[in-house]
1. Do you know which residues across segment 130-154 are under 18 Å from the mean Cα position of the chain (by Cα) and charged (D, E, K, R)?
2. How about segment 3-59: which of its residues are outside any helix (DSSP H, G or I), polar (S, T, N, Q) and open to solvent by 30 Å² or more (accessible area, probe 1.4 Å)?
3. State yes or no: is residue 113 more than 30 Å from residue 83 (Cα to Cα) and open to solvent by 60 Å² or more (accessible area, probe 1.4 Å)?
4. Any chance you could count how many residues in segment 69-101 are open to solvent by 20 Å² or more (accessible area, probe 1.4 Å) and either farther than 28 Å from residue 22 by Cα or β-branched (Val, Ile, Thr) (or both)?
5. In segment 60-103, what residues are assigned to a helix (DSSP H, G or I), among the hydrophobic types (A, V, I, L, M, F, W, C) and farther than 30 Å from residue 10 by Cα?
6. Looking at segment 116-160, which of the residues that are part of a helix (DSSP H, G or I) and of a type in the set (Gly, Ala, Ser) is most open to solvent (accessible area, probe 1.4 Å)?
7. For residue 50, only one of the following conditions fails: (1) among the charged types (D, E, K, R); (2) more than 25 Å from residue 145 (Cβ to Cβ); (3) under 18 Å from the mean Cα position of the chain (by Cα). What is its number?
Amino acid sequence: MAVIGASAYLTVVVVLRLSGKRTLAKLNAFDLVVTVALGSTLATILLNSDVSWTEGALALAVLALLQSLVAWGTVRWPGGRKVVTARPTLLLRDGRALPEALRAERVTMDEVRQAVRATGSGDLTSTAAVVLESDGSLSVISASRLGNGSSLEGVRARDA
């Protein structure tokens, strides 16, 4: 069991090194699912005696290959990105909540306030934007750091 465990671990390391940094990036929900699937596959190899090291290694390689193909496709075909990745959504603009966006994305104002507080700000009116990103995180842009707002290009704005 220890030999299989060590071999499986080394296989994960090799697969991740060969497949590149994008395999573990959490740029969107799809990336997160692949990361979880890799961990689940490793756990299955370690804990399930019905799964051979060869089957597990093949499963890890297939997951990494599929992740690479999807990433490659989304870079080369703009429509492919829309299929795999959700667009970021503006939830708050110029200190004012966008109720339709909050409702559509199932985010509460308490969660928006928490994200603003996490940046060290205690004032929503000094917040230019809060964006729900494709990976599920909340990005907060203060009014003093908004600049020309070019980072908001491509962000879906409901109620804006």
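1. 133, 135
2. Within segment 3-59, 48, 49, 52 qualify.
3. Yes; evaluated as a whole, the condition is true for this residue.
4. Total meeting the criteria: 11.
5. Matches in segment 60-103: 83, 101, 102.
6. Checking each candidate, the answer is 144.
7. Answer for residue 50: the failing condition is (3).
Residues are listed down the side, and each one gets a yes or a no for (1) touching a strand residue (DSSP E or B) at 6+ places or on another chain (Cβ under 8 Å); (2) of a type in the set (Val, Ile, Thr); (3) at pLDDT 90 or above:
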position	(1), (2), (3)
104	yes, no, yes
113	no, no, yes
125	no, yes, yes
128	yes, no, yes
135	no, no, no
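The values are calculated or read from the model by the stated rules, or taken from the named source; none is laboratory data. The structure presented is a predicted model; accordingly, all values stated were derived computationally and were not measured. FYI the Cβ positions are ideal-geometry reconstructions off the backbone, even for glycines, and counts take in every protein chain you see. These accessible areas exclude ligands, DNA and RNA; they are computed on the full protein's heavy atoms, side chains included. Shrake-Rupley method; radii C 1.70, N 1.55, O 1.52, S 1.80 Å.
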